[in-house]
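This report refers to the structure that appears directly beneath it.
The values are calculated or read from the model by the stated rules, or taken from the named source; none is laboratory data. Small disclaimer: the values here were computed from a predicted structure and weren't measured. Every residue, glycine as well, gets a Cβ built from its backbone with ideal geometry; the counts of neighbours run over all protein chains shown.
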């Protein structure tokens, strides 16, 4: 993936919102205009594992306009069940599968998975993984976003997943792929995340 294809963004957040999230207050998300799917799945996951986990995805979803929004961190880049539809859980996996079929289709998804297999065979040790969010705007354009909080690191298999999506899905719709790193207000993101500026 060429550098200009990967969008690197920084987004400030109120530390009070992160504290509330850690304490089980998800109103930031539930009162937002994010999709019902994102609200339901992220709150469900956060309740099972109370911590700062899923705060980044939730916060970005509250700040990004969407017509449809999906939590995308399933193994749909590599697992056959996302092509066959067999063995999916009803509550969250089935609706996501239906969105894949509606917007992307089985043939392009199969091509994407074939390319993912070749990447593994050619020396990337971990399978490419999908980013956290898949958002669709009012023009039908796709936005795929990997969320990072301070201290998080972007890994090669995450970059590979973003590159695959950009390459394969651009044939379907305009696609933007990005890493959005959150940081506390009043901090200089350049001092916190200098390694990202080397990618830009």
Any hit, segment 70-80, residues being closer than 25 Å to residue 105 by Cβ and more than 16 Å from the chain's Cα centre (by Cα): yes
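Conditions tested, residue by residue: (1) surrounded by fewer than 12 Cβ atoms within 10 Å (Cβ to Cβ); (2) at pLDDT below 95; (3) under 16 Å from residue 143 (Cβ atoms).
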position	(1), (2), (3)
51	yes, yes, no
61	no, no, yes
74	no, no, no
78	no, no, no
85	no, no, no
Search result, residues across segment 11-38 that are part of a helix (DSSP H, G or I) and surrounded by fewer than 21 Cβ atoms within 10 Å (Cβ to Cβ): 15, 16, 17, 18, 19, 20, 22, 27, 28, 30, 36, 37
Breaking point among (1) under 25 Å from residue 12 (Cα atoms); (2) in contact (Cβ under 8 Å) with a residue 60 or more places away in the chain, for residue 150: (2)
Qualifying positions in segment 53-71 - in contact with a helix residue (DSSP H, G or I) (Cβ under 6 Å, 6 or more places away or on another chain) and in a loop (DSSP other than H, G, I, E, B): 54
